[in-house]
Every structure is written in C-alpha cells, then in structure tokens.
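Step one of this worksheet: look at the structure below.
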Amino acid sequence: MTAYQGIKGRTGDHSPSTILVCDDEDVIRDVVVRYLEHEGMRALQAEDGERAKEIIRDDPPDLVIVDVMMPKVNGLDLCEWIRTTSDVPIILLTARGEESDRITGLELGADDYVVKPFSPRELIVRVKAILRRTGARQQKTPLVLEAAGLTIDGRSRQVFRQNDEITVTATEFDLLFCLASHAHTAFSREQLLAQVWGYEAALDAGTSTVTVHVRRLREKIEKDPSQPEIIRTIWGVGYRFEA
C-alpha cells in the first residue's frame, strides 16, 4: 500500500484523513508526521497556535494534535478557539505531571490527551481509534432517542430539551448517545473508553478522560449537576443513564 491510501477522511470518500500536528518542537512534529504518513494519512504542521489557526481556516483537518505549551497561542487557548466553530477531534500533548492542564483541556472540549514523553505508536493508536469512531458514526443508521426529557438526534447529532438545543461536542454526543441507547445499563469507565473512544483502558494514564466528559455532560443536561438524576454514578462500577 502506498502512502496516502490509508484511513479514509470523515467525508467517507477515499481521500486520506488529514491530521494537523501543532507543536513548537521540530523533532516531535517530524516524528509524529513520519508515523502518520506511514499509516497513510496526510499530515499538516504548525509550529505555534497562530499558524494552526491559519491552517484550520484554510484546510480544515479531520483531527488536531495540539501541544499545550506553545508560544503566541498556547494549546489550551487554541483548543477553546477551535471549539467555538468546530467539533473536529482534538488530542492534547501534555507534560508529565501536569494533570491540571489535562483536566482543563478536557473541560475545554479536547477529546483525549497523551502525556509527554510519549510513544508515537500509542499516539497513532489513539488517532486511528478516534478516526474510526468519527467515520463509523456517519455510517450508522440514524436514530432519534427520546429519554429523560431529552431528544438525542443521531441524524443531525443534536441534543434538545423541548425546543431548546443543548450544545455538545462530538465526543460528548457519542458518550451521551452510548449511555442513552443502553438506558439502565451500568458501564464502567473502562467499558466507556472502549465503546466511545475505541481503545482499552491500558492505553490511558487514568480514567479522567471519561470522568471529565461525564461532568461536562452533567453540567449541560442535569437540572442540578451536583445531584445528577440522568447520568447516575454507580459506586464501584461507573455510570448509568436513567431514562
């Protein structure tokens, strides 16, 4: 298989997926780009957040890999900017031990994170898992779920309470749709990582990715997020959707 004949783009055609790698370290960008291209993807590069914005405007990617610590516009600010206009998946690159950056990034709408120093192979696994998920969700038979006072529309990927739309990110929608379509079924965080993110918990530095996304969803759909009635915590297990 020749280069650029790998994973399809999100449009479902045979063009390669386009990945934007945004990091101010040349070596890291070069390594990640090499691995992406080896897997048949098209890679774009940005050395800072300002350049990343230009690329996103001119050549919208299928996924963005963003380093948190960058000049001009840091990764967290870039993540927040992206989320004002797009639900494109975002993977954050964060320094080891900087848990606050990881949590903040997830709360700003990032889909996942990888801790530096990282294995390029692990990063590629995460990229491919997210691309499979975003591609598969467009090919699923559209469903509309009515539960807990919510309308969860798989056709338009929108969430409504009565006639009011609740704005959610792509990953938040997938998580909500997964839980709501299996109402009254308890899922562990590890199971949700596999179902929604598409990889095993062994690849994750913890389960904070799921925890933060559940918290963000609760803030948007619960009357009182501190006393959740829709997405319940099942102690010692995980979470359950109450229809």
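Return yes when Phe173 is at pLDDT 85 or above, more than 22 Å from Leu92 (Cα to Cα) and in a helix (DSSP H, G or I) and no when it is not.
no
Step by step: first the residues of region 96-120, then only those that are among the polar types (S, T, N, Q) and farther than 19 Å from Val27 by Cα, then the one that is modelled with the lowest pLDDT. Which residue is that?
Ser100
Every residue in region 39-72 that is free of Cβ contacts under 8 Å to residues at least 12 places away in the same chain and out of contact with any strand residue (DSSP E or B) (no Cβ under 9 Å at 6 or more places or on another chain), please.
Arg57, Asp58
I want to confirm something. Restricting to region 126-135 and keeping residues that are open to solvent by less than 50 Å² (accessible area, probe 1.4 Å) and of a type in the set (Lys, Arg), which single residue is modelled with the lowest pLDDT?
Arg133
Which condition from (1) closer than 21 Å to Phe173 by Cα; (2) touching a Leu at 6+ places or on another chain (Cβ under 9 Å); (3) among the charged types (D, E, K, R); (4) open to solvent by 10 Å² or more (accessible area, probe 1.4 Å) is the one that Asp87 breaks?
Condition (2) is where Asp87 drops out.
Given (1) at pLDDT below 95; (2) surrounded by fewer than 19 Cβ atoms within 10 Å (Cβ to Cβ), where does Val196 come up short, assuming only one miss?
Condition not satisfied by Val196: (2).
What number goes with the only condition from (1) at pLDDT below 90; (2) part of a helix (DSSP H, G or I); (3) crowded, with 20+ Cβ neighbours inside 10 Å that Leu123 does not pass?
(1)
The values are calculated or read from the model by the stated rules, or taken from the named source; none is laboratory data. Because the structure is predicted, anything quoted here is derived from the model rather than measured. Cβ sites come from the backbone with ideal geometry, for glycine too, and all protein chains shown count toward neighbours. Protein only, heavy atoms only, side chains kept; ligands, DNA and RNA dropped before computing areas. Shrake-Rupley method; radii C 1.70, N 1.55, O 1.52, S 1.80 Å.
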